[in-house]
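Novice: Quick one: structure below, then a few questions.
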């Protein structure tokens, strides 16, 4: 029942946001982590994605806010368009793993580029699976923060 309700609310939210803007699109959903991934297919994908996914991030934020307005404890909805987010996330995680491997070899901490909260969560979760690596986000009020990747104090090469 939870997945059905989330699917209904997310689909309604995206439709209510995109239809008045004149976009021609189709929506499908699939399970993702503890929620769902809302997949948008559109000939206007580049407009929905924006520069480096910024419009897609905004759309995902709005869909989640609209869903949570009707269901306060709703699981997160991941919004993707023409598989852009899936490709971008895979690329981000490859960069993070590569840096973690370099940190393990050299012992020198490395910084990731500035990331939003969603991206930071992905990186922290991914690198938590690598023994000997610890991660920490900057302690700032900024929406975009950098992650420091370091070798764990008790790690021996």
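Every number in this text was worked out from the coordinates using simple rules, so none of it is lab data. Quick caveat, the model's predicted, so the values are computed rather than measured. Cβ sites come from the backbone with ideal geometry, for glycine too, and all protein chains shown count toward neighbours.
Novice: Just round it to a whole percent: the fraction of Cα-Cα distances in the chain exceeding 18 Å.
Specialist: 62 percent
Novice: For the chain, what relative contact order do you get, as a whole percent, if you take Cα pairs closer than 8 Å and at least 6 residues apart?
Specialist: 18 percent
Novice: Please work out the C-alpha center-to-center distance from segment 98-155 to segment 18-36 and express it in whole Å.
Specialist: With segment 98-155 and segment 18-36 each reduced to a Cα centre, they are spaced 31 Å.
Novice: As a check on your grasp of the helix formula, calculate [θ] at 222 nm for the chain: sum -39500 (n - 2.57) over DSSP H runs of n ≥ 4, divide by the residue count, round to the nearest 500.
Specialist: -15000 deg cm²/dmol
Novice: Between residue 146 and residue 3, how many nm apart are label points set 7 Å from Cα along the C-beta direction?
Specialist: Using points 7 Å along Cα→Cβ, the separation is 4.1 nm.
Novice: Rounded to the nearest 10 degrees, what's the angle between the helix 2-18 long axis and the longest principal axis of the chain, both from Cα atoms, 0 to 90?
Specialist: 70 degrees
Novice: Taking the Cα-to-Cβ direction at residue 156 and at residue 87 and moving 7 Å from each Cα, how far apart do the two end points lie in nm?
Specialist: Modelled inter-label distance: 4.6 nm.
Novice: Output the relative contact order of segment 36-95, whole-number percent, from Cα pairs under 8 angstrom with separation of 6+ residues.
Specialist: Taking the mean separation of contacting Cα pairs over the length of segment 36-95, I get 48 percent.
Novice: At 7 Å along Cα-to-Cβ for each site, give me the label-to-label distance between residue 137 and residue 71 in nm.
Specialist: My value for the distance between the label points is 2.5 nm.
Novice: GNM, the chain, Cα, under 10 Å: largest mean-square fluctuation among 82, 58, 34?
Specialist: 34
Novice: Can you figure out the FRET efficiency of residue 28 with residue 95, using R₀ = 22 Å and their beta-carbon distance, to the nearest 0.05?
Specialist: It comes out at approximately 0.15.
Novice: Based on the alpha-carbon gyration tensor of segment 87-151 and its eigenvalue square roots a ≥ b ≥ c, which shape applies: rounded if a/c is under 1.5, prolate if not and a/b is larger than b/c, or oblate?
Specialist: oblate
Novice: In the Gaussian network model of the chain, springs joining C-alpha atoms below 10 Å, which of 39, 115, 59 carries the largest mean-square fluctuation?
Specialist: Result: 115 has the largest fluctuation of those listed.
Novice: Which residue, 111, 122, 21, tops the fluctuation ranking in a GNM of the chain built on C-alpha contacts under 10 Å?
Specialist: Judging by the Gaussian network model, the answer is 21.
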